[in-house]
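Structure, as structure tokens:
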Amino acid sequence: MPVPIRRLCVALTLCCALLAGSTACGSSDTTGTTKAASASQAAPAADTPSPTTSAEKRKFAKTRFVLDAGLAAGATYQWIVKPWKAGKFKKGAKGRKTALVKAALAGAFTYNRLKAAKKNAQGDPTLSKALAPLSAGIAALKDLPSKLRKGDENAASSFDDIINQVKDAGKSAGAPVKDKVPTTSQLTRGS
């Protein structure tokens, strides 16, 4: 049974936090005053745990960005762009209702994953600069699933354009995004 990526990311984060915590707590000095001084200095660090160094945070943020943007791109292409190009959204087309339901789910999923990708990109200075101009476009995607249901064919084009811009921004920041089609369960859960 495959393990969801989110669980793997959480497990990896917890392992890194435990490893960083155990190495930070070790001390080879045995004098009591040094231990007391170390404990008083370590107390603020315990209030704000940092599981990784800043360099590792950047790498992890970039990886998560690539994953989220790839899932958004895959969902958009599979359930919005392909049916749109095949004419499934036109009135009277065979399988129109099914295509619209899938497109609406994919639209909501894409919006969710692009918001997550944007949040992850903020952890990497290069990615955050590359994605800054796209924030308004990502926010505009929120209303597009309802436009698809109403039969607005330009909505599919808008999804495709935003996905391509996110891919280009990722590529320019050294994080190339490849389409990854989400499973149906991921699509219905929204993650």
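The values are calculated or read from the model by the stated rules, or taken from the named source; none is laboratory data. Everything numeric in this text was worked out from a predicted model, so none of it was measured. Cβ coordinates were reconstructed from backbone atoms using ideal geometry, including for glycine residues, and neighbour counts include every protein chain displayed. Ligands, DNA and RNA are excluded from the accessible area calculation, which covers all protein heavy atoms including side chains. Shrake-Rupley method; radii C 1.70, N 1.55, O 1.52, S 1.80 Å.
Key figures
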{"quantity": "Test for Val101: is it within 14 Å of Ala75 (Cβ to Cβ), out of contact with any helix residue (DSSP H, G or I) (no Cβ under 7 Å at 6 or more places or on another chain) and either part of a helix (DSSP H, G or I) or among the hydroxyl-bearing types (Ser, Thr, Tyr) (or both)", "calculated": "yes"}
{"quantity": "Pick from segment 103-145, criterion of a type in the set (A, V, I, L, M) and free of Cβ contacts under 8 Å to residues at least 12 places away in the same chain, ranking: farthest from Phe89 (Cα to Cα)", "calculated": "Ala132"}
{"quantity": "Test: residue in segment 56-75 that is of a type in the set (Asp, Glu) and at pLDDT 85 or above", "calculated": "yes"}
{"quantity": "Number of positions in segment 170-190 that are aliphatic (A, V, I, L, M), modelled with pLDDT under 90 and either out of contact with any Lys or Arg (no Cβ under 7 Å at 6 or more places or on another chain) or farther than 20 Å from Lys119 by Cβ (or both)", "calculated": "2"}
{"quantity": "Hits in segment 148-161 (condition: more than 15 Å from Ala69 (Cα to Cα) and open to solvent by less than 50 Å² (accessible area, probe 1.4 Å))", "calculated": "Leu148, Gly151, Ala155, Ala156, Ser157, Ser158"}
{"quantity": "Some residue of segment 162-174 being open to solvent by 60 Å² or more (accessible area, probe 1.4 Å) and assigned to a loop (DSSP other than H, G, I, E, B)", "calculated": "no"}
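Here is a yes/no grid of residues against (1) outside any loop (DSSP other than H, G, I, E, B); (2) β-branched (Val, Ile, Thr); (3) open to solvent by 20 Å² or more (accessible area, probe 1.4 Å):
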{"site": "Phe89", "(1), (2), (3)": "no, no, no"}
{"site": "Gly92", "(1), (2), (3)": "no, no, yes"}
{"site": "Gly107", "(1), (2), (3)": "yes, no, no"}
{"site": "Asn120", "(1), (2), (3)": "yes, no, no"}
{"site": "Ser128", "(1), (2), (3)": "yes, no, yes"}
{"site": "Ala140", "(1), (2), (3)": "yes, no, yes"}
{"site": "Ser146", "(1), (2), (3)": "yes, no, yes"}
